[in-house]
Structures are given as C-alpha cells and as structure tokens.
1. Any residue in segment 7-26 that's surrounded by 10 or more Cβ atoms within 10 Å (Cβ to Cβ): show its pairings with residues that are in a helix (DSSP H, G or I) at Cβ separation under 9 Å, as long as the two are six or more apart or on different chains.
2. For segment 161-174, state whether one or more residues are within 18 Å of the chain's Cα centre (by Cα), in a loop (DSSP other than H, G, I, E, B) and surrounded by fewer than 17 Cβ atoms within 10 Å (Cβ to Cβ).
3. Being touching a helix residue (DSSP H, G or I) at 6+ places or on another chain (Cβ under 8 Å) and more than 18 Å from residue 64 (Cα to Cα) is the filter here; which residues of segment 94-130 pass it?
4. If you check every pair at least six apart or on different chains, which have Cβ atoms under 6 Å apart with a residue in segment 168-183 that is at pLDDT 80 or above first and a residue that is among the β-branched types (Val, Ile, Thr) second?
5. Just to be sure I understand, how many residues within segment 137-153 are open to solvent by less than 30 Å² (accessible area, probe 1.4 Å) and part of a strand (DSSP E or B)?
6. For segment 27-46, which residues satisfy the criterion of being more than 21 Å from residue 127 (Cβ to Cβ), modelled with pLDDT of 90 or more and either among the aliphatic types (A, V, I, L, M) or open to solvent by 80 Å² or more (accessible area, probe 1.4 Å) (or both)?
7. I want to confirm something. Restricting to segment 100-111 and keeping residues that are among the hydrophobic types (A, V, I, L, M, F, W, C) and under 15 Å from the mean Cα position of the chain (by Cα), which single residue is farthest from residue 134 (Cα to Cα)?
8. Using beta carbons and a limit of 8 Å, which pairs, at least six apart or on different chains, have the first residue in segment 79-101 and under 18 Å from residue 163 (Cβ atoms) and the second one open to solvent by 60 Å² or more (accessible area, probe 1.4 Å)?
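The values are calculated or read from the model by the stated rules, or taken from the named source; none is laboratory data. Here the structure is a predicted model, which means the values were calculated and not measured. All Cβ positions, even for glycine, are placed from backbone atoms using ideal geometry, and neighbour counts span all protein chains on display. To get the accessible areas, we keep the full protein, side chains included, count just its heavy atoms, and leave off ligands, DNA and RNA. Shrake-Rupley method; radii C 1.70, N 1.55, O 1.52, S 1.80 Å.
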Amino acid sequence: VNILREQGILATKKLKDLTDNARTNDEIFQTTRSLILALLNCNTIEEISVSVRKHFMRLENVDVFELIFLNHSMLSLSTAIRVEDSKVIKEKFSDIFRLKKSFCAQLEEDQILYLFPSSEENISSTALCPVNSSGGHLALLALGNKTANHFNVHLDTLFLDFICEVLGTVIWRLAISVTGNQA
C-alpha cells in the first residue's frame, strides 16, 4: 500500500509538472504568435523595434530587453533605435554569432553593462539570440533576468530562435524594399 501511495504521489507530481510546462509553453506560443503577427504589419525598422520591445517586456520572466542593430550597409537605421558597431559587438559576443542560435547563461559584468547600459536592474542571467538573414548578421536580441539561473544552458530556446528567424526575415524584407536591392 505504501509503495502504491508513493507511486501515486510521484505520478501526481509528474502530471502537475507536465501541466505547468504545457501552460508555460502555451503562454510562450501566444506571445510568439502575437509578436509575429505584429511584425508582419510593421513598415519600418523602428516599428519592428517598438513591437518587439512591447511583446518581450510583457513577459514576467524578462526584466530587461534590448534589440541591438548592427550597422549594416543594407539597413537604413534611425537614431531612434540602438545601433552598435558590427566589429565591436561581434568581438564581444563572437560565440553567439558563430553558432547562429540562442545562448543562455551568466555573462561577465562588462558584457551585461554593454547589453543593458540604462538598466537599473541587477541582471544575473541572459538569453542572447543573433538576428540573421541571407544578408548576414543584422541584430542581437538580449533578454535579462535578475535571477542567477533563470536563463541557463538547459533552457529550451526553440521559440526564441524561431522569433529571431522571423525577425531577421522581416528586417531583411524591409531593408530590400527601402533600398530597392535584391539579396
């Protein structure tokens, strides 16, 4: 009877964990869906930046957010968005651009200050995702959390990688339509 009771408790705990995970994935999917639909309606890089910020800052596990554009010959970027020198950012975060996928971990303090210079939060963990297209590296999406292990190497980044793929495609589409060039 004790063994069956313990198995029942374990089964109940596993079911609760699965239900919690499904609920979290549903919330992430709804945010992803909403963001992608908003991105498809953007007509400028500035609108993209505002839309992405609005959607990510609604998430309770994101304490700070930055979308950092790399200066790129195909992008006409205004002063209303953050633009950094491609060489500098690629040196500071070379692994992220080399791997071309999201990276979650604790960073060095100088990297955190570079990513989130105006943040008053004490950021302990980050999720970084390169925004690429057929035209190359376009931006870096950075999320920060005050909890030391919130963004960690074991975190599944499927949705974040997908968002950055769509983001790269939308940015590149706008860049081509503005300059009239073909990639």
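1. Final answer for the pair search is 25/159.
2. As a first pass, look at segment 161-174 and keep what is within 18 Å of the chain's Cα centre (by Cα): 161-172.
Now narrow it down to the ones that are in a loop (DSSP other than H, G, I, E, B): none.
No, segment 161-174 contains no residue that is within 18 Å of the chain's Cα centre (by Cα), in a loop (DSSP other than H, G, I, E, B) and surrounded by fewer than 17 Cβ atoms within 10 Å (Cβ to Cβ).
3. Of the residues in segment 94-130, the ones touching a helix residue (DSSP H, G or I) at 6+ places or on another chain (Cβ under 8 Å) are 97, 101-103, 107, 111, 114, 123, 126-130.
If the condition is that a residue be touching a helix residue (DSSP H, G or I) at 6+ places or on another chain (Cβ under 8 Å) and more than 18 Å from residue 64 (Cα to Cα), then 97, 101 are the ones that fit.
4. Listed by first residue and then by second, the contacts come to 168/131.
5. Going residue by residue through segment 137-153, those that are open to solvent by less than 30 Å² (accessible area, probe 1.4 Å) are 138-145, 151.
Still in the running and part of a strand (DSSP E or B): 138-145.
Residues in segment 137-153 being open to solvent by less than 30 Å² (accessible area, probe 1.4 Å) and part of a strand (DSSP E or B): 8 in total.
6. 37, 40, 41, 43
7. Applying the first criterion (among the hydrophobic types (A, V, I, L, M, F, W, C)) to segment 100-111 yields 103-105, 107.
Those left that are additionally under 15 Å from the mean Cα position of the chain (by Cα): 103-105.
On the way: 103: 21, 104: 24, 105: 27 Å.
Looking at the filtered set, the residue picked out is 105.
8. From residues that are under 18 Å from residue 163 (Cβ atoms), the pairs are 96/103; 97/90.
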